[in-house]
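**Student:** The structure's right below; bear with me while I get my questions together.
The values are calculated or read from the model by the stated rules, or taken from the named source; none is laboratory data. What you see is a predicted model, and the numbers here were worked out from it, not measured in a lab. Cβ: placed from backbone, ideal geometry, glycine included. Neighbour counts: every protein chain shown.
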Amino acid sequence: MRLLRRRRADDAATLPEDLRRLEAATEIAAGHLDAPALERARTLLKRAGERENLAAGRTVAALLGATGSGKSSLFNALLGREVAPVAARRPTTTRPLAAVWGADDAGRLLDWLDVPDRTRAGDGTDAVTTEDRAADGLILLDLPDIDSTAMEHRDVASRMASAVDVLVWVLDPQKYADAVVHRDYLAHLTAHAEVSLVVLNQVDTLDADERAGVLADLERVLERDGLSGVPVLPVSARTGEGLDDLWRRVADVAASTRAARLRLAADVRATATELLRAAEVATDINQGRRRRDESPTTVGEQPAARLSRAAAEAAGVDAVRAAVRRSYTRSARARVGWPPVRWLIRLRPDPLRRLGLTRAERADVALVRTSLPAATPVQQAAVRSAAHAVVASSTAHLPGPWRDDVLQQVEGRIPVLVDALDRRIAGTDLEQARRPAWWTVAGILQWLFVLAAVAGGVWLAGLAALGYLQLPAPETPAAGPFPWPTVLLVGGVLAGLLLALLGALAARAGARRRARRVERRLRAEVDAAVREQVVAAVEHELEEFATFRRNLTALAG
């Protein structure tokens, strides 16, 4: 079994795209999620960029383990000479030591890793062997103990464990199940199984039965850590048992030149999983299961409609509708009412003018504001409550802090929404310029009736004057039993009053129709403002979270 087991055939090839996805997800989540998780993602992105530009053909493998595991002895055995100091009881590795195979192009990479102590494989009296040449490009590190009593040693080991390309965990028969190794390190590296190798050192201290039992138990512990399938090699640095197999695997890693990219790919998966957990997205990477229900990206129709209704009430749509109805009635009666008295109607102010909604006052809608009454506290509370309901119903799947951010953003948009509503109402066509044709017809008829009444009155007045002056009066034509002057006078007045009554009834019907049309138009404008100022903002955040989740889910899988 090779050390680098393939999880997906294109892990290394897709690394640039995976890093872009992680960067996009990190930018989306900035300010919404737990700062440590985001900071670790940013650190990884920075480290990935730096590592890609440093000795791309080099592979850095590190020996990690607890005190007494024999890392330094194993390091010396692999190098073929004594370089690292060895002690039987206490740790002697206080800072990283690097062995470099191949041409000396590793300086900048080791400076970046902060490894000042270095040696060239093959230097000294030992000759460069076939195995040395096969390991061209390899850098092997001997690190301080991960459980060292010195904090600075543990910090170095922890830092290097997060930076090297391949992790070679060196365990010993006495402490192979040590909690520090498994709880603090291995259990957190499930995504790094393909760049990890476990070495059980000092197997020469075990007999055959003990060795089989320890190896089986170690594999069970690793499976519990989520690292089932990671190669476990029995090795003895003292006797040389298993060193050839270990060397072949490590040399294989160096020859592949893919370990650095695979390590970064593993870090991307681990970081994506951490961000998903910080975002309260349920995942179970170890078992290969994930809740794959798509994150909703739209606001429900019912909450949006409720907000539109509340906004329409607060914006004064009902008041405008009533004003449109009264204005229509006023204008109609001023044109079809009985002419002798309809001038009185003009003494009443136009309801739309009182609200600042006449055409002349709306010449520049961007600057004009209406005179509609301000929303009452109850109406304002209803708008806020409806806006909260939109957020609550749409963002239940978002992390708590993210939901709070969306709610805060919507709260800040409510004053903007109120201003937008006023401008939209000011710019809505209230049909003030529309004059129904029947107004003109009825107006002409009214004046004809007035002329008839005036003609009849003048005729009767003339006849009365002749009678008063005792002058002979001409014969007066009659329409049946009634003389024409009387018919013209009385008929003109009665017809005008009847037409005025019918016109008033028709005006009321027309006013209701116009008010309904204008109300639909106003509510459509209010709905558009609500969607532009609130719903669109919420849906933008939903889309951002869906993109964030989609990117990370693809990376963590």
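**Student:** From the list 305, 255, 270, pick out the single residue that is surrounded by fewer than 17 Cβ atoms within 10 Å (Cβ to Cβ), modelled with pLDDT under 90 and assigned to a helix (DSSP H, G or I).
**Tutor:** Numbers: 305 fails: modelled with pLDDT under 90; 270 fails: surrounded by fewer than 17 Cβ atoms within 10 Å (Cβ to Cβ).
From the options 305, 255, 270, the qualifying one is 255.
**Student:** Turning to a different aspect of this structure: Just a yes or no: is a residue in segment 40-62 among the hydroxyl-bearing types (Ser, Thr, Tyr), in contact with a helix residue (DSSP H, G or I) (Cβ under 8 Å, 6 or more places away or on another chain) and modelled with pLDDT of 85 or more?
**Tutor:** Checking segment 40-62: at least one residue is among the hydroxyl-bearing types (Ser, Thr, Tyr), in contact with a helix residue (DSSP H, G or I) (Cβ under 8 Å, 6 or more places away or on another chain) and modelled with pLDDT of 85 or more.
**Student:** Keeping to segment 431-446, report how many residues are within 15 Å of residue 340 (Cβ to Cβ) and either among the polar types (S, T, N, Q) or exposed (fewer than 12 other Cβ atoms within 10 Å of the Cβ) (or both).
**Tutor:** Of the residues in segment 431-446, 1 are within 15 Å of residue 340 (Cβ to Cβ) and either among the polar types (S, T, N, Q) or exposed (fewer than 12 other Cβ atoms within 10 Å of the Cβ) (or both).
**Student:** Would you mind stating whether residue 186 is farther than 18 Å from residue 263 by Cα and either not assigned by TED's automatic domain parsing to the domain that holds residue 158 or not hydroxyl-bearing (Ser, Thr, Tyr) (or both)?
**Tutor:** The answer is no for residue 186.
Yes or no, residue by residue, for (1) within 44 Å of the chain's Cα centre (by Cα); (2) under 24 Å from residue 51 (Cβ atoms); (3) not basic (Lys, Arg):
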residue: 160; (1), (2), (3): yes, yes, yes
residue: 194; (1), (2), (3): yes, yes, yes
residue: 218; (1), (2), (3): yes, no, yes
residue: 238; (1), (2), (3): no, no, no
residue: 246; (1), (2), (3): no, no, yes
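**Student:** Another question, if that's okay. Could you look through segment 115-142, keep only residues that are assigned to a helix (DSSP H, G or I) and under 20 Å from residue 166 (Cβ atoms), and pick out the one that is modelled with the lowest pLDDT?
**Tutor:** Here is the first cut: in segment 115-142, the ones assigned to a helix (DSSP H, G or I) are 130-134.
This time we only want the ones that are under 20 Å from residue 166 (Cβ atoms), so: 131-134.
Working: 131: 51, 132: 52, 133: 47, 134: 54.
The selected residue is 133.
**Student:** Could you tell me which residue of segment 66-107 is modelled with the highest pLDDT, considering only residues that are within 27 Å of residue 50 (Cβ to Cβ) and surrounded by fewer than 13 Cβ atoms within 10 Å (Cβ to Cβ)?
**Tutor:** Ranking the candidates gives 107 first.
**Student:** Here are 433, 455: which of them is touching a residue at least 12 places away in the same chain (Cβ under 8 Å), in a helix (DSSP H, G or I) and of a type outside the set (Asp, Glu)?
**Tutor:** Working: 433 fails: in a helix (DSSP H, G or I).
Answer to the selection: 455.
**Student:** OK, next. Check whether at least one residue in segment 323-332 is assigned to a helix (DSSP H, G or I), in contact with a Pro (Cβ under 7 Å, 6 or more places away or on another chain) and of a type in the set (A, V, I, L, M, F, W, C), and report yes or no.
**Tutor:** For segment 323-332, residues assigned to a helix (DSSP H, G or I), in contact with a Pro (Cβ under 7 Å, 6 or more places away or on another chain) and of a type in the set (A, V, I, L, M, F, W, C): present.
**Student:** Continuing with the same structure: Does residue 368 satisfy being modelled with pLDDT of 85 or more and either closer than 21 Å to residue 420 by Cβ or in a helix (DSSP H, G or I) (or both)?
**Tutor:** So residue 368 fails the test.
**Student:** In segment 55-64, what residues are among the hydrophobic types (A, V, I, L, M, F, W, C) and buried (at least 18 other Cβ atoms within 10 Å of the Cβ)?
**Tutor:** Within segment 55-64, 55, 60, 61, 62, 63, 64 meet the criteria.
**Student:** If I go through segment 394-444 residue by residue, how many of them are within 21 Å of residue 549 (Cβ to Cβ) and among the small types (Gly, Ala, Ser)?
**Tutor:** Qualifying residue count, segment 394-444: 3.
**Student:** Please enumerate the residues belonging to segment 154-171 that are over 25 Å from residue 255 (Cα atoms), surrounded by fewer than 20 Cβ atoms within 10 Å (Cβ to Cβ) and not basic (Lys, Arg).
**Tutor:** 155, 158
**Student:** Can you tell me which residue is modelled with the highest pLDDT among those in segment 172-192 that are surrounded by fewer than 21 Cβ atoms within 10 Å (Cβ to Cβ) and within 17 Å of residue 229 (Cβ to Cβ)?
**Tutor:** 182
**Student:** Taking residue 263, is it in contact with a Gly (Cβ under 6 Å, 6 or more places away or on another chain), among the basic types (Lys, Arg) and modelled with pLDDT under 90? Explain how you work it out, then say what you get.
**Tutor:** Working: in contact with a Gly (Cβ under 6 Å, 6 or more places away or on another chain): no; among the basic types (Lys, Arg): yes; modelled with pLDDT under 90: yes.
Answer is no for this residue.
**Student:** While we're here: Report whether or not residue 221 is surrounded by fewer than 20 Cβ atoms within 10 Å (Cβ to Cβ), among the β-branched types (Val, Ile, Thr) and in a helix (DSSP H, G or I).
**Tutor:** yes
**Student:** Could you tell me whether segment 206-215 includes any residue that is free of Cβ contacts under 8 Å to residues at least 40 places away in the same chain, surrounded by fewer than 18 Cβ atoms within 10 Å (Cβ to Cβ) and within 17 Å of residue 64 (Cβ to Cβ)?
**Tutor:** No: segment 206-215 contains no residue that is free of Cβ contacts under 8 Å to residues at least 40 places away in the same chain, surrounded by fewer than 18 Cβ atoms within 10 Å (Cβ to Cβ) and within 17 Å of residue 64 (Cβ to Cβ).
**Student:** Restricting to segment 517-549, count the residues that are touching a residue at least 60 places away in the same chain (Cβ under 8 Å) and more than 21 Å from residue 391 (Cα to Cα).
**Tutor:** 7
**Student:** Of a type in the set (Asp, Glu) and in contact with a Gly (Cβ under 9 Å, 6 or more places away or on another chain): does that describe residue 525?
**Tutor:** Considered against the rule, which asks whether it is of a type in the set (Asp, Glu) and in contact with a Gly (Cβ under 9 Å, 6 or more places away or on another chain), residue 525 comes out as yes.
**Student:** Restricting to segment 369-418, give me the number of residues that are closer than 14 Å to residue 537 by Cβ, among the β-branched types (Val, Ile, Thr) and crowded, with 16+ Cβ neighbours inside 10 Å.
**Tutor:** Count: 6.
**Student:** Give me the residue from segment 465-481 that is surrounded by 12 or more Cβ atoms within 10 Å (Cβ to Cβ) and within 30 Å of residue 499 (Cα to Cα) and, out of that set, nearest to the chain's Cα centre (by Cα).
**Tutor:** Residue satisfying both the conditions and the ranking: 478.
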